[in-house]
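I have placed the structure first, in the form of structure tokens, so that the comments after it can refer back to it.
Values quoted throughout were computed directly from the atomic coordinates according to the rules given, and no laboratory measurement underlies them. Computed from a predicted model, the values in this text were never measured in an experiment. Here the Cβ positions follow ideal geometry from the backbone for every residue, glycine too, while neighbour counts run over all protein chains shown.
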């Protein structure tokens, strides 16, 4: 079985690796989003930047902790005792950042689902309640860890709350990803020939949700089995959240946006966006793009470019 110091070093290595992937994806997504207007630039760009800042802070804390455990305090405390102290300020800060990262990303997921369902309060209110409850549980766990005594473990302090947090995080992602996919499919299904065009968009959504949910599931299983593999799984979760967020933007832009489809009436998209989109569509597609989330906006943009070339 892997020891705690070994697990911490492995976590640092894997987090650095995944952070490099996230950092690269962020700059690619930044180039794409800077060319957009409206909600894409006003919301997605700040969120992507915030996710990068959180992941950067998380990685820096892990580096500092590694230096203290294996270099500065190796003769006084020892790496095993250092990492076993759950109430250390750096450890608590790292856990708080871990709780913040999925909360921010899931907020965008709930918002996207709310928009696609015609801004229905039946979707928005329950989503916000579950999201806030999960965030409150996460920060309460951080506070509980701050009260931990030397030698205690997370399995002893708040096992039920930790399991609840992991489970809710995974269920929020699965539920809202499924609802988004179902809403898009249902709205476009009556349109002739729309299935083949819609499939790449759905694949992008489902892939992103599957990657995120799988990482949380691995973390939950490691915690339930009492394995130190929980620490690598937890530390890579921070950059993975950002990777999934940027990956959806990149996949839509390069896979969907660069595959122009024949011109067709824009009415099916107004089904997704509500009356507000219907008022704008008679004048221009561009205002409607500003009102929508990134997946549908890139599809509409590719259609407009295709029409100009013809």
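Between residue 74 and residue 27, what is the label-point separation in nm under the 7 Å Cα-to-beta-carbon projection?
Each label point lies 7 Å from its Cα, and together they span 3.3 nm.
Tell me, 35, 94 in order of fewest to most beta-carbon neighbours within 10 Å?
Neighbour counts put them in this order, fewest first: 35, 94.
To the nearest 0.05, what FRET efficiency results for residue 125 and residue 171 with a Förster distance of 30 Å applied to their C-beta separation?
About 0.95, to the nearest 0.05.
What's the extension gain from residue 17 to residue 161 if we count 0.36 nm per residue and subtract their Cα-Cα distance?
Gain on extension, residue 17 to residue 161, equals 48.9 nm.
Once R0 is set to 22 Å, what does the formula 1/(1 + (r/R0)^6) return for the Cβ-Cβ distance between residue 87 and residue 6, expressed as a FRET efficiency to the nearest 0.05?
0.50
Want the number for residue 35 to residue 67: 0.36 nm per residue separation, take away the alpha-carbon distance, what's left?
Contour length minus Cα-Cα distance gives 7.4 nm.
Applying a 10 Å radius around every beta-carbon, put 97-108, 130-141 in order of their mean neighbour count, most first.
Ranking the peptides 97-108, 130-141 by packing returns 97-108, 130-141.
May I ask you to sort 164, 95, 24 by Cβ crowding, counting other Cβ atoms within 10 Å and putting the fewest first?
In increasing order of surrounding Cβ atoms, one gets 24, 164, 95.
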